[in-house]
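Visitor: Would you mind keeping the following structure in view while I ask a few things?
The values are calculated or read from the model by the stated rules, or taken from the named source; none is laboratory data. Nothing here was measured: the structure is a model prediction, and the numbers come from that model. In this analysis, Cβ positions are derived from the backbone assuming ideal geometry, glycine residues included, and neighbour counts consider all displayed protein chains. Just the protein is used for accessible areas: all its heavy atoms, side chains included, with ligands, DNA and RNA removed. Shrake-Rupley method; radii C 1.70, N 1.55, O 1.52, S 1.80 Å.
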Amino acid sequence: MPSAAHKILHDTFGYASFRGEQQAVVEHLAAGGDALVLMPTGGGKSMCYQLPALLRPGTGIVISPLIALMQDQVDALKQLGVKAAFLNSSLAADSAREVFGNLMRGKLDILYVAPERLLTAGFLSALEQLQDGPGLALFAIDEAHCVSQWGHDFRPEYRELTVLHQRFPAVPRIALTATADAPTRREIVERLALEQARQFVASFDRPNIRYRVMQKANARQQLQAFLETEHADDAGIIYCLSRKKVEETAAWLKEKGWDALPYHAGLDAATRNKNQRRFLREEGVIMVATVAFGMGIDKPNVRFVAHLDLPKSMEGYYQETGRAGRDGLPADAWMTFGLGDVVSMRRLLDSGDAPEERKRLERQKLDALLGFCETTTCRHQAILRYFGEEHPGDCGQCDNCLEPVDTWDGTQAAQMALSCVYRTGQRFGVVHLIDVLLGKATAKVEQFSHQQLSTFGIGQALSQAQWSGVFRQLVAAGLLETDMDAFGGLRLTDHARPVLRGEQEVWLRRDAEPVKKSHISKAERASRAKEAFAGANENPLWLTLKAKRMELAREQGVPPYVIFHDSTLLEILNRRPASLTELGEISGVGQAKLAKYGDAFLGVLEDIG
Ligand code: ADP
Ligand code: ZN
């Protein structure tokens, strides 16, 4: 006989089995225990508190800082037949009163609430009443890393949530986050008084994301080729460093016929909301954005995240790329970078007014990211290693696994480059240094009499582009650094010495030809697309199913994925259920959705035949 938890999983959520640690978490909470859950984005955290909230008597209270998201989360739960509501500042007074009334009458299974609302004296005493009456099922503290002062998302109110433990010791608490690092985890435990909580830590691997990092040749051309060959109809995010570049890139894409929108903190709130809404509610919209965009975007079918500029750290890269493929279907993380990016990123870090210690930390983080960019081994492994986790083997999916990188003994070239930096006085930029190595008699070379140097013209065995790759890798490896006092000229670091003395070899990656459009062959691309969408995009039935989904979504004012996820729609396409019973067996079709939409989708299947 299925357990009560399995029954809800199947009947309400429409899923056949739990994922990873979900079942253990659900059982632990159902039995009244506290939990700290660390799972990557897309790992299925919401199930960990939604299901126990339904299982236990009373209302489950979910604390979330993401006001903009509550509406969609509540809409999605209502679609499942769950009695859900939210309370935050976006709600009109009479709607808030209604929700509050329903809460106090025990009519809600789940209530989402913003922390500042929860912490008011009035609300806390209402919760005490509720506890004595219809009951409190649990407290879920979502985005728990917001207690950490060191993260980007620090919310002071989060630190006051210990009041839950003090005033409601009998109500189980579950804190959840996708931020994995040990210091943050320790801070969560301490700040939320979760010392007694059981910790559930999932792997942070995102096996469905294909990581690709390539040298920048012509970034726009490279981006366009990537979009055309791999994501012609898909929703995705393109990250840029500056607002200006966001604007320019979005305008350029639009001109090229893409449905692209800008998003950054400099746009007024109305425009930002409008663009975000279109991205969420429509299909195939590309958001060009600064990192201001993303926190709390839980659109499941973001098919790619592209970086036209370097993120600031591995943490940033992981978080930003992690917004792709929450639904578990294949997705791409794609990035181009060049020496210029490295230099300007360093400059940005150096020129900030953070204290020196902080700057040093940020430089180290950037260096780790650069090391990742230049790595010649499996990217999934490299990411997990950074976060202190072992990966069982090569993923067989990333650029480096699919097309092993050629390396070459660049010791001699590195020595030439480093001594050229040294002999020119450690204050020139890479363009001039390459001119000297190639023996070009430019005006600048003559001005500084650099044709007299022993390094003048010694590098003619390599091309301009190859030298540029050598310098980029030497900077990335920390043998050279940019000198802010010399307008970004390069100078040696301590790590350069053993190389110059011939005590250390330098192996460099052979840069891929910049003309090459993609690391993946056509056949490979086709099979990957097939694996995901079974040629769906050319299938008229697929388009009709999507149109039906969009129609239903519009009618109800919800995003299409709230009706059915892509994965569910794909299964409908592939299995062609002929009856409500067959449709009900498909993953993601629970009883409420079956009753509401079953006939509409069966109708579509019948019409097409
Ligand atoms: P997170 O909050 O950890 O990023 P979500 O809770 O949004 O992840 O879940 C990610 C996706 O996985 C959602 O589309 C959700 O419906 C789906 N999902 C969660 N649990 C299961 C399960 N047991 N079986 C199938 N799909 C699931
Ligand atoms: Zn790999």
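Visitor: Output the residue which, of all residues in the stretch 398-411 that are open to solvent by 40 Å² or more (accessible area, probe 1.4 Å) and touching a His at 6+ places or on another chain (Cβ under 7 Å), is farthest from ligand 1 (Cβ to nearest atom).
Guide: Within the stretch 398-411, the match that is farthest from ligand 1 (Cβ to nearest atom) is Glu403.
Visitor: In addition: Filter the stretch 145-163 for residues that are touching an Asp or Glu at 6+ places or on another chain (Cβ under 7 Å) and part of a helix (DSSP H, G or I); which is most open to solvent (accessible area, probe 1.4 Å)?
Guide: Selected residue: Glu157.
Visitor: Which one of these does Gly396 not meet: (1) closer than 23 Å to Gln215 by Cβ; (2) assigned to a helix (DSSP H, G or I); (3) within 14 Å of ligand 2 (Cβ to nearest atom)?
Guide: (2)
Visitor: Something else now. Given (1) surrounded by fewer than 20 Cβ atoms within 10 Å (Cβ to Cβ); (2) touching a strand residue (DSSP E or B) at 6+ places or on another chain (Cβ under 9 Å); (3) farther than 25 Å from Ser567 by Cβ, identify the lone condition not met by Leu103.
Guide: Evaluating Leu103 over (1) surrounded by fewer than 20 Cβ atoms within 10 Å (Cβ to Cβ); (2) touching a strand residue (DSSP E or B) at 6+ places or on another chain (Cβ under 9 Å); (3) farther than 25 Å from Ser567 by Cβ leaves (1) as the failure.
Visitor: Can you spot a residue in the stretch 383-393 that is away from ligand 2 (no atom under 16 Å from the Cβ) and over 18 Å from Gln473 (Cβ atoms)?
Guide: Checked the stretch 383-393: at least one residue is away from ligand 2 (no atom under 16 Å from the Cβ) and over 18 Å from Gln473 (Cβ atoms).
Visitor: List pairs: first residue in the stretch 109-122 and open to solvent by less than 10 Å² (accessible area, probe 1.4 Å), second residue in a loop (DSSP other than H, G, I, E, B) anywhere in the structure, Cβ distance under 6 angstrom, at least six positions apart or on different chains.
Guide: Short answer, once both residue conditions are applied: Tyr112/Ser64; Ala114/Asn88.
Visitor: Of all residues in the stretch 191-227, which are of a type in the set (A, V, I, L, M, F, W, C) and in a loop (DSSP other than H, G, I, E, B)?
Guide: Across the stretch 191-227, the qualifying residues are Leu192, Ala193, Leu194, Ala197, Ala202, Phe204, Ala217.
Visitor: On to the next question. Quick one: what pairs do we get from the stretch 8-31, first residue touching a residue at least 12 places away in the same chain (Cβ under 8 Å), second within 16 Å of ligand 2 (Cβ to nearest atom) and assigned to a helix (DSSP H, G or I), C-beta under 8 Å, 6+ apart or different chains?
Guide: So the pair list comes out empty.
Visitor: Taking only the stretch 249-272 into account, find how many residues are over 23 Å from the mean Cα position of the chain (by Cα), under 24 Å from Ala232 (Cβ atoms) and not hydrophobic (A, V, I, L, M, F, W, C).
Guide: Total meeting the criteria: 4.
Visitor: What are the residues in the stretch 164-183 that are away from ligand 1 (no atom under 16 Å from the Cβ) and either assigned to a loop (DSSP other than H, G, I, E, B) or under 9 Å from Ser148 (Cβ atoms) (or both), if any?
Guide: Phe168, Pro169, Ala170, Val171, Pro172, Asp181, Pro183
Visitor: In this structure, is Val445 free of Cβ contacts under 8 Å to residues at least 40 places away in the same chain, more than 16 Å from ligand 1 (Cβ to nearest atom), open to solvent by 30 Å² or more (accessible area, probe 1.4 Å) and not assigned by TED's automatic domain parsing to the domain that holds Ala333?
Guide: In short, no.
Visitor: Looking at the stretch 550-578, I want the residues that are closer than 21 Å to Gly328 by Cα and have a partner that is of a type in the set (Phe, Trp, Tyr) and buried (at least 16 other Cβ atoms within 10 Å of the Cβ) with Cβ atoms under 6 Å, at least 6 apart or on another chain. Which pairs are those?
Guide: Between residues of the stretch 550-578 that are closer than 21 Å to Gly328 by Cα and residues that are of a type in the set (Phe, Trp, Tyr) and buried (at least 16 other Cβ atoms within 10 Å of the Cβ), the close pairs are Leu573/Trp542.
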